[in-house]
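A.B. asks: First the structure, then my questions, so here it is.
The values are calculated or read from the model by the stated rules, or taken from the named source; none is laboratory data. Source: prediction; values computed, not measured. All Cβ positions, glycine included, derive from the backbone under ideal geometry; neighbour counts span all protein chains shown. Surface accessibility is based on the protein's heavy atoms, side chains included, excluding ligands, DNA and RNA. Shrake-Rupley method; radii C 1.70, N 1.55, O 1.52, S 1.80 Å.
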Amino acid sequence: MKLARCTTGGPSFWAVVDPATDAARPIAGGVADWGPGLVQGGGEAALTFVGPTLVLSQLRLLAPCDVTNKVVIAGANYRKHLIEFGVAAPSQPIAFLKAYGALIGAADPIRYPPLTDELDYECELVVILGTSDIDLDDPLASVLGYTAGNDVSARDLQRSGPTGIGMDLYAAKSQDGATPVGPWIVTPDEFPAGSPTLRLSTTINGEVRQDGTTADMTWNVPELISFIHQRVSFAAGDLLFTGTPEGVGQATGRYLRPADVVEVTVEGIGTLRNVVGPKTG
């Protein structure tokens, strides 16, 4: 099943979507309303369909996250990504929050923030939690599904934290309107059992910059969920970015520029295609 958060230009709504038939069937409520039923195996019986079926290609796809939910980022979680910076793997996962206002949809323009000259890309597998009742013995049972994300980062702002204090990850990762997510949530039944092993990539103007696999994660999806939930509890609908493979602009000095076409693809999910907007300010 694929679930998308959509709009026709008015209020947002959720829908079960079928890209093959270009169809979107609107459903009532948000993830907190029907997510628990879906993760418990309720299927379409856990959903209340409302109104007529719509044409998917005529809808704007929004970030698949309700305004009430939080966005958690797990960093430094790919072995080769750490190697390219000569950094040893941390002894435990690293996690922090991203502001909801940073999120944009699968085809929305990426805002180029005025305070940075080093705007970077990071393709990521994103996990969506379907319930607040996390079973630490089986964290994957709480997963509603997976989507693609591009954790766009302002690297110069990231390094601007005061000496002895550390990186300014909030400024680097939460810039308004700069983080594409989507195009939809794909439920776990469409993947093999266990933590997903999927190829993910980034191209800039058609040139491949990142090409990795989630098999390179230091901590897999259930390990991340368990670690984070014991410190800051998850709720139904929360997003969890799981890290990025090697090949980011910070490693090569090749950062995003206005008018760049950025495509992030995650196997079995789909592609984000976003154009970098003009630098403002």
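A.B. asks: Go over the candidates LEU157, LEU200 one by one and state the one that is touching a Leu at 6+ places or on another chain (Cβ under 7 Å), at pLDDT 95 or above and of a type in the set (A, V, I, L, M, F, W, C).
C.D. replies: Just one listed residue meets the conditions, LEU200.
A.B. asks: Next question, about the same structure. Which of the residues that make up segment 220-262 are in contact with a strand residue (DSSP E or B) (Cβ under 8 Å, 6 or more places away or on another chain), small (Gly, Ala, Ser) and part of a loop (DSSP other than H, G, I, E, B)?
C.D. replies: Answer for segment 220-262, where residues must be in contact with a strand residue (DSSP E or B) (Cβ under 8 Å, 6 or more places away or on another chain), small (Gly, Ala, Ser) and part of a loop (DSSP other than H, G, I, E, B): ALA235, ALA236, GLY237, GLY243, GLY247, ALA259.
A.B. asks: Before we move on, is ALA74 aliphatic (A, V, I, L, M), touching a Leu at 6+ places or on another chain (Cβ under 7 Å), farther than 20 Å from ASP33 by Cα and at pLDDT below 95?
C.D. replies: No: the conditions fail for ALA74.
A.B. asks: Still on this model: For ILE165, are the conditions met, namely being of a type in the set (Val, Ile, Thr), farther than 25 Å from GLY247 by Cα and at pLDDT below 95?
C.D. replies: yes
A.B. asks: Mind listing whichever residues of segment 107-140 are surrounded by fewer than 17 Cβ atoms within 10 Å (Cβ to Cβ) and of a type in the set (Gly, Ala, Ser)?
C.D. replies: ALA107, SER132
A.B. asks: Filter segment 55-82 down to the residues that are open to solvent by less than 70 Å² (accessible area, probe 1.4 Å), in a loop (DSSP other than H, G, I, E, B) and under 30 Å from ILE27 (Cα atoms) and list them by number.
C.D. replies: LEU59, ALA63, PRO64, CYS65, ASP66, ASN69, LYS70
A.B. asks: Just checking, how many residues over segment 152-171 are assigned to a loop (DSSP other than H, G, I, E, B) and either of a type outside the set (A, V, I, L, M, F, W, C) or in contact (Cβ under 8 Å) with a residue 40 or more places away in the chain (or both)?
C.D. replies: Of the residues in segment 152-171, 9 are assigned to a loop (DSSP other than H, G, I, E, B) and either of a type outside the set (A, V, I, L, M, F, W, C) or in contact (Cβ under 8 Å) with a residue 40 or more places away in the chain (or both).
A.B. asks: Name the residues in segment 1-54 that are surrounded by 18 or more Cβ atoms within 10 Å (Cβ to Cβ), out of contact with any Gly (no Cβ under 7 Å at 6 or more places or on another chain) and in a loop (DSSP other than H, G, I, E, B), would you?
C.D. replies: MET1, LEU47
Residues checked against (1) in contact with a Phe, Trp or Tyr (Cβ under 8 Å, 6 or more places away or on another chain); (2) closer than 19 Å to ARG199 by Cα:
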position: THR218; (1), (2): yes, yes
position: PHE227; (1), (2): yes, no
position: GLY247; (1), (2): no, yes
position: LEU272; (1), (2): no, yes
position: GLY277; (1), (2): yes, no
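A.B. asks: Select, from THR244, THR265, THR271, the only residue that is open to solvent by less than 10 Å² (accessible area, probe 1.4 Å) and touching a residue at least 60 places away in the same chain (Cβ under 8 Å).
C.D. replies: THR244
A.B. asks: Let me spell it out: the conditions are (1) open to solvent by 10 Å² or more (accessible area, probe 1.4 Å); (2) closer than 20 Å to ALA148 by Cβ, and ARG257 meets all of them except one. Which number is the exception?
C.D. replies: Unmet for ARG257, out of (1) open to solvent by 10 Å² or more (accessible area, probe 1.4 Å); (2) closer than 20 Å to ALA148 by Cβ: (2).
A.B. asks: Those residues that are assigned to a loop (DSSP other than H, G, I, E, B), touching a helix residue (DSSP H, G or I) at 6+ places or on another chain (Cβ under 8 Å) and open to solvent by less than 50 Å² (accessible area, probe 1.4 Å), I need them from segment 172-219; list them, please.
C.D. replies: Scanning segment 172-219 gives SER174, GLN175, GLY177, ALA178, THR187, GLY194, SER195, PRO196, LEU198, THR218, TRP219.
A.B. asks: Return the residue satisfying two criteria in turn: it lies in segment 83-104 and is of a type in the set (A, V, I, L, M) and surrounded by 17 or more Cβ atoms within 10 Å (Cβ to Cβ), and of such residues it is farthest from the chain's Cα centre (by Cα).
C.D. replies: Ranking the qualifying residues of segment 83-104, first place goes to ALA95.
A.B. asks: Residue check, ALA95 against (1) aliphatic (A, V, I, L, M); (2) part of a strand (DSSP E or B); (3) over 25 Å from ALA141 (Cα atoms), all met but one. Which one?
C.D. replies: (3)
A.B. asks: Given the criteria under 20 Å from VAL72 (Cα atoms) and either open to solvent by 10 Å² or more (accessible area, probe 1.4 Å) or touching an Asp or Glu at 6+ places or on another chain (Cβ under 9 Å) (or both), does SER160 qualify?
C.D. replies: Taking the combined requirement at face value, the residue does not satisfy it.
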